[in-house]
1. What number, rounded to the nearest 500 deg cm²/dmol, is the helix-based mean residue ellipticity at 222 nm of the chain, given -39500 (n - 2.57) per DSSP H run of at least four residues and division by all its residues?
2. Quick one: the Cα spread of the stretch 208-355 along its three principal axes, in angstroms, biggest first?
3. Strictly greater than 16 Å: what percent of every Cα pair in the stretch 470-515 meets that?
4. What whole-number distance in Å separates the alpha-carbon centres of the stretch 467-510 and the stretch 141-155?
5. Where the only charges are on Cβ atoms (+1 Lys, Arg; -1 Asp, Glu), what is the dipole of the chain about its Cα centre, to the nearest 20 debye?
6. Nearest 10 degrees is fine. How inclined is helix 268-283 to the longest principal axis of the chain, computing both from alpha carbons?
7. With each pseudo-label sitting 7 Å past Cα toward Cβ, what's the ALA468-ARG231 distance in nm, one decimal?
8. Using only the Cα atoms of the stretch 28-148, what are the Rg and Dmax in Å?
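Computed from the coordinates by the stated procedures, all read-outs in this text should not be read as laboratory data. None of these values were measured; they are calculated from a predicted model. Cβ atoms come from the backbone with ideal geometry, glycine included; neighbour counts cover every protein chain shown.
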Amino acid sequence: MFSWINSNSNRKKNSELYESVVEGLKRIYKTKIYPLEEQYLFHEFHSPPFEDADFDAKPMVLLVGQYSTGKTTFIRYLLERDFPGIRIGPEPTTDRFIAVMYGDQEGIIPGNALVVDPKKQFRPLAKFGNAFLNRLQCSSVNSPILQQITIIDTPGILSGEKQRVDRGYDFTGVLEWFAERVDRIILLFDAHKLDISDEFRRSIEALRGHDDKIRIVLNKADMIDQQQLMRVYGALMWSLGKVLNTPEVARVYIGSFWDQPLQFIQNRKLFEAEEQDLFSDITSLPRNAALRKLNDLIKRARLAKVHAYIISALRKEMPSMFGKDSKKKELIKNLGNIYLDIEREYGVPAGDFPDLQEMQEKLLHHDFIKFPPLKKPLLDSVDRMLAEDIAKLMALIPQEQLDHKEETQVKGGAFNSVAESPFGYKRGEGVDAGSMEPSHVWIVDKDKPKYDEIFNNLNPIDNKITGAAAKTEMIKSNLPNTILSRIWKLSDLDKDGMLDSEEFALAMHLMQIKLNGHDLPQELPRHLIPPNRRK
Ligand code: MG
Ligand code: CA
């Protein structure tokens with residue numbers, strides 16, 4: 001057997017490694033960061049404590065956009081099916097946050113029930129109150145994609161004038177909560193109706209600090225012609241540059257993510273390439289999940305540190321006897337200067353500080369006398385953690401990402417359609433070639449004499465070659481071992497660990513498909529099996 005095929009033990013080792021990173025993060029959080037957060041009331045100011053479920057959760061993708069930009073349709077397109085509670089239409093139809101998650105049993109879990117489930121990561125959302133919980137639900141769907149990722153649909157944001165009705169809950173606060181926990185934020189824009197309302201601008205602002213997670217989809221791009229599309233693209237980049245306020249603007253994917261025929265076909269090739277790029281970005285999420293969690297924990301530790309400096313500095317300035325109220329007012333007013341002092345004294349980067357105005361508003365509701373003084377051991381512990389523990393976990397990760405590549409890929413739904421049966425744009429090519437032939441025809445026969453010649457040079461015994469012999473031939477293709485391993489598995493039809501001449505020809509055929517730039521199937525389609533071996 002090939003070493004690269006028999007990787008079960010490796011696989012087990014790697015998932016243990018993955019678990020050890022996640023367990024390591026949990027331990028670091030509980031023992032080093034949480035005590036600092038608790039001491040300085042971090043949870044009242046910034047974000048509720050992390051729970052085990054936050055670390056254990058599958059990678060999440062958050063979809064945000066104005067109404068009718070195709071968020072729900074995008075999910076439907078990925079899943080290639082409806083999900084419970086789906087509503088699609090021209091008017092803002094999704095009026096709630098929907099966590100589309102894997103479940104054997106399909107159905108809807110209402111928000112109030114969702115936030116008391118200790119196995120799910122949504123418990124802290126209870127703090128946003130009943131008005132919000134009535135607008136939160138989980139749709140349980142039995143879809144293979146969702147075994148790897150969870151998708152969050154959000155209410156459509158209305159354009160300027162129309163958003164008169166108050167939502168009754170802190171919409172941007174909820175977005176912020178998700179932004180801190182998700183792995184990807186996809187902002188959707190409608191190419192034929194590009195406008196950015198005030199609420200949408202505020203929503204995008206709420207995502208600041210998580211720019212690395214943001215990807216942009218310029219959707220419905222097939223509804224306008226090429227020239228208009230270029231204009232819209234330019235306008236979008238310009239607006240985003242202003243709103244996102246970062247030196248580099250996030251990657252923009254142009255496309256039309258629904259199952260309808262294209263209206264303007266000039267851009268077909270572009271859309272296909274963009275779709276594949278976006279899908280491979282999404283499929284990379286599971287293997288990058290540990291790194292993402294680690295990144296977010298570092299961000300949080302840094303904020304917890306600077307928060308501790310701020311709170312203890314305010315405490316220090318308070319008088320012990322008279323004039324407490326006026327001093328508090330003065331300190332809040334001068335908070336900007338206190339930030340500067342901390343920046344200088346402790347060498348904290350300006351970017352680590354919480355938003356000044358928000359902090360001023362929150363401080364109004366606190367009694368500074370009750371704030372604790374600076375406790376250096378707590379901060380030292382976090383510093384040591386950032387320097388040492390994080391480095392150790394970091395060292396585990398690159399290897400892990402490489403090894404998880406094959407097994408943690410997101411599969412199913414639209415991802416498989418692109419990978420396996422590329423109808424719509426590669427009909428009759430790649431794996432599909434030969435599928436329209438009469439049933440006695442085996443497309444591999446065409447090149448079999450050529451493959452037989454190679455086969456015979458590999459010294460077959462009883463019309464069979466060993467895995468080792470096949471390997472020496474197959475690696476000449478320069479294809480990665482993961483791919484060759486899949487080809488081997490697909491070709492060894494009788495699973496005897498050897499290849500006969502038919503199986504070998506099939507392996508060569510599959511390699512050719514891959515070398516021609518097409519994708520391999522998850523399972524061998526019937527037309528690629530020799531006719532006499534079809535069941
Ligand atoms: Mg919707
Ligand atoms: Ca065989």
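1. Details: 22 runs with 246 residues, N = 535.
Rounded to the nearest 500, the figure is -14000 deg cm²/dmol.
2. 76, 34, 25 Å, listed from the longest principal axis down.
3. When all Cα pairs of the stretch 470-515 are counted, 24 percent exceed 16 Å.
4. A separation of 34 Å, based on Cα centres.
5. Working: 74 positive and 78 negative charges, 210 e Å.
The dipole of the chain has a size of about 1000 debye.
6. Approximately 70 degrees, to the nearest 10.
7. So the label points at ALA468 and ARG231 sit 6.9 nm apart.
8. Answer for the stretch 28-148, Rg first and Dmax second: 16.4, 50 Å.
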